[in-house]
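See below for the structure under consideration.
The values are calculated or read from the model by the stated rules, or taken from the named source; none is laboratory data. Small disclaimer: the values here were computed from a predicted structure and weren't measured. Glycine gets a Cβ as well: all are built from the backbone with ideal geometry, and neighbour counts include every protein chain shown.
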Ligand SMILES: Cc1cc2nc3c(=O)[nH]c(=O)nc-3n(C[C@H](O)[C@H](O)[C@H](O)COP(=O)(O)O)c2cc1C
């Protein structure tokens, strides 16, 4: 593994900004999308449970409806790829057992060897193990994947805009998630910035290192 030079990482992170206007003519290449979709799949999650589905919405009619459910933000329609982050509303023993089976077959183990792990997750995460905090917990996992995706995009020279300015219940209706195990959390629009987007020329507003990082 050869590390990316520090100066290059900082250059790319300073290059990234939340794009307000995408160039609708510029699409991501299949190679770029491959890396980006792998960054979603490789994102870490608590217990490794991956309580998410990433919906890639490319249908223009759906994009149009989603835009109206997102404060009419143009990025929804103009980006190359729109990823909607959805997470599980509840955790079931069946989901956990699927994960255990996948772990055992990937690592050449027997599911019985993982019984303790399975039981611990079932106790902690299903029924009233977390009560009302289960969905906020799965939603937090989605934000980790969003961060992974945006950072990977920045390193690749692909633009993004994270979008929380949306009505999750309307998204669920449009994407036919209502009544399923999954619910919308937020989206990330990906593509390339329009030369006309003035936001790319604004200086970043960040508190100083000493204001946000304390060594104790
Ligand atoms: C979780 C989250 C939700 C956001 N939602 C929106 C949004 O709905 N629309 C938008 O234009 N920007 C949105 N942003 C972008 C932020 O406003 C932006 O990241 C912040 O002002 C810092 O600017 P920079 O990312 O350009 O450095 C969101 C950012 C985050 C992290």
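Here residue 172 meets each of (1) part of a helix (DSSP H, G or I); (2) modelled with pLDDT of 95 or more; (3) surrounded by 15 or more Cβ atoms within 10 Å (Cβ to Cβ); (4) touching a helix residue (DSSP H, G or I) at 6+ places or on another chain (Cβ under 9 Å) with one exception, condition (4). Every condition in (1) more than 30 Å from residue 67 (Cα to Cα); (2) within 19 Å of the chain's Cα centre (by Cα); (3) surrounded by fewer than 13 Cβ atoms within 10 Å (Cβ to Cβ) is met by residue 46 except one, and the failing one is (3).
Evaluated against (1) part of a helix (DSSP H, G or I); (2) away from the ligand (no atom under 14 Å from the Cβ); (3) touching a residue at least 24 places away in the same chain (Cβ under 8 Å); (4) within 23 Å of the chain's Cα centre (by Cα), residue 122 falls short on exactly one condition, (4). Whether any residue in the range 190-201 is at positive phi and within 14 Å of the ligand (Cβ to nearest atom) is what I want to check. Looking for residues that are at positive phi and within 14 Å of the ligand (Cβ to nearest atom), one finds at least one in the range 190-201, hence yes. Every condition in (1) in a loop (DSSP other than H, G, I, E, B); (2) away from the ligand (no atom under 14 Å from the Cβ); (3) surrounded by fewer than 18 Cβ atoms within 10 Å (Cβ to Cβ) is met by residue 177 except one, and the failing one is (3). For residue 52, state whether it is within 30 Å of residue 119 (Cβ to Cβ), under 21 Å from the mean Cα position of the chain (by Cα), modelled with pLDDT of 95 or more and within 16 Å of the ligand (Cβ to nearest atom). Taking the combined requirement at face value, the residue satisfies it.
Looking only at residues in the range 141-164 that are within 21 Å of residue 183 (Cα to Cα) and exposed (fewer than 15 other Cβ atoms within 10 Å of the Cβ), the one that is farthest from the ligand (Cβ to nearest atom) is 144.
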